[in-house]
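Novice: Supplied in structure tokens, the structure appears directly below.
The values are calculated or read from the model by the stated rules, or taken from the named source; none is laboratory data. What you are looking at is a predicted structure, and each value in this text was computed from that prediction instead of being measured. Neighbour counts run over all protein chains shown; Cβ positions are idealised from the backbone, glycine included. Areas reflect the complete protein model, heavy atoms only, side chains present, ligands, DNA and RNA absent. Shrake-Rupley method; radii C 1.70, N 1.55, O 1.52, S 1.80 Å.
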Amino acid sequence: MQEDDLVSLLAAHLRAKEYNVLAAGANQSAAFRFSVADRRKAPDLVAERKGILIVAEGKIRSKSLFLKGPRGFSDYECMELLDACETARRSITAEASSRLATIGHLCCAESLRILPTVFAADHFHAVASNFVGGPVLGLAVTERDPLPAEIDMVYTPAHWANASIL
Amino acid sequence: MAVQFIFYHHKNRSLAEYVAHHANLSGVVPGATEVICSLPQQAVESGWAELPTALRRLLFFARPDVVICMDDGVRPIRPVFAFEITEHVPARDHWLQRFVNLVGCAQERVPGAYIMPFDMSNHASFASKIDASFFFAYDRVTEIHQTPIFIAEWETSGQKTLKLDKVFPNQPDSNLDDLQRAFAFLRKAVASAHHGRPVSSLMRERQIIELRDRIRSRAYEAGVPQIKHFRRLAVAMPQNRPLTLAEFTGWLATHGLHLPGNLPDRIERRDRFLIFTPQADKRGKSPATLREALMARIDKRGGDPYLGQPLAFDYLFCRLGETPYERDVNVVANLTDLRFEDLAKFHRKVWEKSPLQHTDIKNIKHIPTYTMYLKEGGVEVMKNFLRVYAFSSDIIVFSDAIIYF
């Protein structure tokens, strides 16, 4: 499996759960691009349902989510920074709002709540402790035959614990 | 045997799913099945050598987002259509770097569709309107290879927001007029391939003629492109025309170089030289800075934005026939910011990894890769910048050497 296949599995799952998948692809270079700490980043997947906007980065192996890339941040750190940066969040919700409008789902940008998310194709055993106390949702995406894939929430941020996410 | 369509995608599975969903190919070939596969990320991966040969040839210049191959169980698996998609309007002359993405298809006589917004002049961060030269260049490609390439407009609301699909909201609305045309074109091309008709026969179909008319009406909006419109050409050709042989010899002398005495007749007889200079703006930059900048582009960014530019200028100003030998103007890549050894280090890497260095079968790790090298050499695993420039150019000029083809 390659990273894009993983993104596609999660996108298909979210679609089945009535999410509007607004961006999906490891190679989608600029959609929903945001700037944090002078670095630009485009998430692998963006999906909306009932005002919850999942903004996600994925890797095949969960430990890769915590490796610093050439720009000095890991995918996980980028999601943490996104959660803390109002400007970046605003640019994403504005883009999401206008895209949703084109498919007939009218909602104002202010009503969208971003849920920063990371996902991988394993069970996060070695890295699960990194999430504790943080703002980032962790999803393990396991391919099943026949599809759909199985999605396991390995970590849900405290203030999202009671939300209906998946 | 039932026909199978294989949707190969390059890091864009979502587009492959979208195309498979909307194309309805089982309506064209009853009973056909579909499968989606990922292309190997790198040409050096073992899976590369196992791809259908015609598909590997199509990927010579670049990898389209989706290539649809047909397996009828009788003929070799072969590509029948390709899709390229972008959410952004290429700003200014940035279309030059996107240009190569479907040229490999046309060269292999595989029709394709390029989907992109044409006008996003009200977009907050990427405001732009497409340059008519893009359409002109693709019209030349279609004409030369007798293979239709359609450029479909991804419409926007208010030149700002892309119109999205209801089933796949990260893809273009499949009900848009041009998307409907693109899918109808895909079905026509697939039906034609299934019945064994040559692609050139499509050029006489009314549906394709109308698609070409749409491209042409945009291509000639701003008149025919000229050398003076492109700074990377005008810098060495200020008179808005290719240099003569005498002028080219003089230009080389300004760089302390001499024309080799044993140039192929083909090059000398043309007596016209189009010089492409990737880094045209050298103001305030030292030779060391320019060399470092260009090497960083080649090494870390796949040669962008310069990768496809010589090929685009070839089609705009030089090319007459299907191969680079069929030109009436020589294409000269001015790489005088680099030394010969700078680019040579990339083919040295290919040489060091080549299975052809081994004489003991135990050292051959992957037979398909070995046999690919035997039949085709290392060209497909060559650094893309070197591969495309070698293909496109008649002459490459370094600061310390001249090579010719």
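Novice: With θ set to phi - 60°, apply the Karplus curve 6.51 cos²θ - 1.76 cosθ + 1.60 along the range B:317-330 and write out the HN-Hα couplings as whole Hz, x wherever there is a Gly or Pro.
Specialist: Values, residue by residue: 10, 10, 6, 10, x, 6, 10, x, 6, 9, 9, 10, 9, 6 Hz.
Novice: How much accessible area per residue does the range B:227-404 have, counting only protein heavy atoms and a probe of 1.4 Å, in square angstrom? Provide the component values of the computation, followed by the final result.
Specialist: Working: 8910 Å² over 178 residues.
Per residue, the range B:227-404 has 50 Å² of solvent-accessible surface.
Novice: When Cβ neighbours within 10 Å are restricted to other protein chains, what is their mean count per residue of peptide B:34-41?
Specialist: Working: counts 0, 0, 2, 1, 6, 1, 1, 4.
Shielding by partners across B:34-41 averages 2.
Novice: Carbon and sulfur atoms: what percent of the 1.4 Å accessible area of the range B:224-279 do they account for? Before the final figure, lay out the partial values.
Specialist: Details: 1510 of 2900 Å².
Roughly 52 percent of what the probe reaches on the range B:224-279 is carbon or sulfur.
Novice: Taking only the C-alpha atoms, wrap a convex hull around the range B:4-219 and report its volume per residue in Å³ as a whole number. Mind dumping the intermediate values first?
Specialist: Values: hull volume 25.5 nm³, N = 216.
Convex hull of Cα atoms, per residue: 118 Å³.
Novice: In whole Å and largest first, what semi-axes does the C-alpha gyration tensor of the protein assembly as shown yield when each eigenvalue is scaled by 5 and square-rooted? Could the numbers behind the result be given before it?
Specialist: Working: eigenvalues 332, 156, 136 Å².
Three semi-axes, in Å: 41, 28, 26.
Novice: Just the accessible area per residue of the range B:4-219, please: how many Å² with a 1.4 Å probe?
Specialist: Working: 7650 Å² over 216 residues.
Accessible area per residue, the range B:4-219: 35 Å².
Novice: Also, quick follow-up: Provide a whole-number value for the mean count of partner chain Cβ atoms within 10 Å of the Cβ atoms in peptide A:101-108.
Specialist: On the way: counts 3, 11, 8, 2, 2, 0, 0, 0.
The per-residue average across the peptide is 3.
Novice: In square angstrom, rounded to the nearest 10, how much accessible surface does residue B:3 have for a 1.4 Å probe?
Specialist: Residue B:3 has an accessible surface of roughly 10 Å² with all protein chains in place.
Novice: How big is the gap, in Å, between the Cα center of the range B:1-49 and the Cα center of the range A:98-157?
Specialist: For the range B:1-49 versus the range A:98-157, the Cα centre distance is 27 Å.
Novice: How many percent of the accessible area of the range B:4-219 is carbon or sulfur, using a 1.4 Å probe?
Specialist: On the way: 3410 of 7650 Å².
In the range B:4-219, the share of accessible area belonging to carbon and sulfur is 45 percent.
Novice: Positive end of the charge dipole of chain B (Lys, Arg +1 and Asp, Glu -1 on Cβ, about the Cα centre): tell me which of B:100, B:275, B:141 has its Cα farthest that way.
Specialist: Comparing the listed Cα positions along the dipole, B:275 ranks first.
Novice: In vacuo Debye scattering of the range B:38-155, one point per C-alpha: log10 I(q)/I(0) at q = 0.10, 0.12, 0.15 Å⁻¹?
Specialist: Those come out to -0.34, -0.47, -0.70, one per q.
Novice: Rank these residues by their accessible area, most exposed first, probe 1.4 Å: B:1, B:120. List each step's numbers first, then the result.
Specialist: Working: B:1 170, B:120 10 Å².
Sorted by accessible area, descending: B:1, B:120.
Novice: Between the range A:2-76 and the range B:84-160, what is the C-alpha centre distance in whole Å?
Specialist: Result: 26 Å between the Cα centres.
Novice: Here is a follow-up. Would you kindly find the accessible area of residue B:99, with a 1.4 Å probe and non-protein molecules such as ligands, DNA and RNA excluded, rounding to the nearest 10 Å²?
Specialist: Rounded to the nearest 10, that gives 0 Å².
Novice: Further, regarding this structure: I need the semi-axes of the equivalent ellipsoid of the range B:278-405: take the C-alpha gyration tensor, multiply each eigenvalue by 5, square-root it, list largest first in whole angstrom.
Specialist: Values: eigenvalues 174, 83, 28 Å².
Largest first, the range B:278-405 gives 29, 20, 12 Å.
Novice: In whole Å, largest first, what are the principal axis extents of the Cα atoms in chain A?
Specialist: 40, 39, 32
Novice: Determine the dipole magnitude for chain B: charges of +1 sit on the beta-carbon of Lys and Arg, -1 on that of Asp and Glu, nothing else is charged, the reference point is the Cα centre, and the result goes in debye to the nearest 20.
Specialist: 400
Novice: Still on this structure, please answer the following. State which entries of A:59/B:353; A:59/B:362; A:41/B:163 exceed 26 angstrom in Cα-Cα distance in the structure shown. Don't skip to the answer; put the middle values down first.
Specialist: On the way: A:59/B:353 28 Å; A:59/B:362 35 Å; A:41/B:163 23 Å.
With Cα atoms farther than 26 Å apart: A:59/B:353; A:59/B:362.
Novice: Suppose we flag GluC sites (Glu not before Pro) only when DSSP calls them loop and at most 14 other Cβ atoms lie within 10 Å. Which is the longest uninterrupted stretch of chain B? Don't skip to the end; give the middle numbers.
Specialist: Values: sites that count: B:45, B:50, B:221, B:322, B:326.
That would be B:51-220.
Novice: For the range B:227-404, with only Lys/Arg (+1) and Asp/Glu (-1) charged at the beta-carbon, what is the dipole magnitude about the Cα centre, in debye rounded to 20?
Specialist: Approximately 520 debye in magnitude.
Novice: Further, regarding this structure: Say the cut-off is 24 Å between C-alpha atoms; which of B:11/B:282; B:188/B:383; A:50/B:166; A:63/B:383 go over it? Walk me through the intermediate numbers first.
Specialist: Working: B:11/B:282 36 Å; B:188/B:383 36 Å; A:50/B:166 16 Å; A:63/B:383 30 Å.
The answer is B:11/B:282; B:188/B:383; A:63/B:383.
Novice: Taking only Cα atoms, what is the 0 to 90° angle, nearest 10, from helix B:245-254's long axis to the longest principal axis of chain B?
Specialist: Here the helix axis deviates by roughly 70 degrees.
Novice: Further question on the same structure: Using the eigenvalues of the Cα gyration tensor, what equivalent ellipsoid semi-axes result for chain B when each is taken as the square root of five times the eigenvalue, whole Å, largest first? Can you show the working numbers first?
Specialist: Numbers: eigenvalues 251, 153, 80 Å².
The equivalent ellipsoid of chain B has semi-axes of 35, 28, 20 Å.
Novice: Could you point to the residue in B:397, B:77, B:200 farthest towards the positive end of chain B's charge dipole, with +1 and -1 charges on the Cβ of Lys/Arg and Asp/Glu respectively?
Specialist: Comparing the listed Cα positions along the dipole, B:397 ranks first.
Novice: Hey, another quick one. Return the average number of partner chain Cβ atoms within 10 angstrom of each residue Cβ along peptide B:165-174. Don't jump to the answer; show the numbers that get you there.
Specialist: Details: counts 2, 5, 3, 7, 15, 14, 4, 0, 2, 0.
Mean shielding by partner chains, rounded to a whole number: 5.
Novice: If you rank B:145, B:255 by how much accessible surface each has, with a 1.4 Å probe, what is the order from largest down?
Specialist: Details: B:145 0, B:255 70 Å².
Result of the area sort, largest leading: B:255, B:145.
Novice: Would you mind giving the total buried accessible surface between chains A and B, with a 1.4 Å probe and ligands, DNA and RNA left out, rounded to the nearest 100 Å²? Please report the intermediate quantities before stating the final value.
Specialist: On the way: alone 8460 and 18270 Å², together 24920 Å².
Summing both chains' loss of accessible area gives about 1800 Å².
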